[in-house]
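Shown next, in structure tokens, is the structure this report addresses.
The values are calculated or read from the model by the stated rules, or taken from the named source; none is laboratory data. Owing to the predicted nature of the structure, the values given are computational and were not obtained by experimental measurement. A quick note on method: Cβ atoms are made from the backbone with ideal geometry, for glycine too, and the neighbour counts reach across all protein chains shown. Areas reflect the complete protein model, heavy atoms only, side chains present, ligands, DNA and RNA absent. Shrake-Rupley method; radii C 1.70, N 1.55, O 1.52, S 1.80 Å.
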Amino acid sequence: MSGWFFALVARELRLALRVGGGALIGVLFFLAVGTVVPFGMGPDLNLLSRVGPAILWIGALLSTLLGLDRLFQADRDDGSLDLVVSTLSLHHWSDPIAVLNEVARILKPGGAFMLFDLRRDMIAPFYLLILFATRCVVPRALRHIGEPLGSRNAAYTPNEAAALAQSSRLTGWRITSGPLWLTIEGRTTSAPAPHPGHDASAAR
């Protein structure tokens, strides 16, 4: 057990160090927060004793968040991600084919992907429910911009989603759909498929 554990720790350390100072940035940020905040609060020892632990915890949390993007940057650069998941964002993309190409680039061969979104041709009861929510239920700010009905109107049908995937470099995909939703999902192949298909549910 100890052998694979130390191998895993060594691998993670190599990943953290090879991105160019990502681990050091977090440490420096933590030290900076612990040093600068007391100067800003003044010399009141009672106040510092009460808020000191909270400051340390907040600094530690923020310092760990700083390195998250850099932790996965190497995977995005060399195309070795295992999984890509997107939820309710497909209809927001101004250039969906470019995004699908990027998904294909960053996934390793055999990597899984699932892009989940609404379908514009949802069945009537769900459409009426979204229409009612837009006009009567959601906060005024959302109602002012026409949401969530606007997302439904901007969404794709299963056949349109299949056409997008067909036009991209994404391989191994299929379209699945339900009464309200659709997904572009599958696993990438080592070489582009000549005629990627989609299942029968896409035709509904």
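Per-structure values
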item: Boolean, Ala161 is open to solvent by less than 60 Å² (accessible area, probe 1.4 Å), touching a helix residue (DSSP H, G or I) at 6+ places or on another chain (Cβ under 7 Å) and at pLDDT 95 or above; result: no
item: Counted residues, segment 58-85 - those being over 15 Å from Phe29 (Cβ atoms), open to solvent by less than 60 Å² (accessible area, probe 1.4 Å) and at pLDDT 85 or above; result: 1
item: Selection count where residues are open to solvent by 40 Å² or more (accessible area, probe 1.4 Å) and either under 21 Å from the mean Cα position of the chain (by Cα) or without any contact (Cβ under 8 Å) to a residue 60 or more places away in the chain (or both), scope segment 164-176; result: 3
item: Subset of segment 86-120 [outside any strand (DSSP E or B) and surrounded by fewer than 17 Cβ atoms within 10 Å (Cβ to Cβ)]; result: Leu88, Ser89, His92, Trp93, Ser94, Asp95, Ile97, Ala98, Asn101, Glu102, Arg105
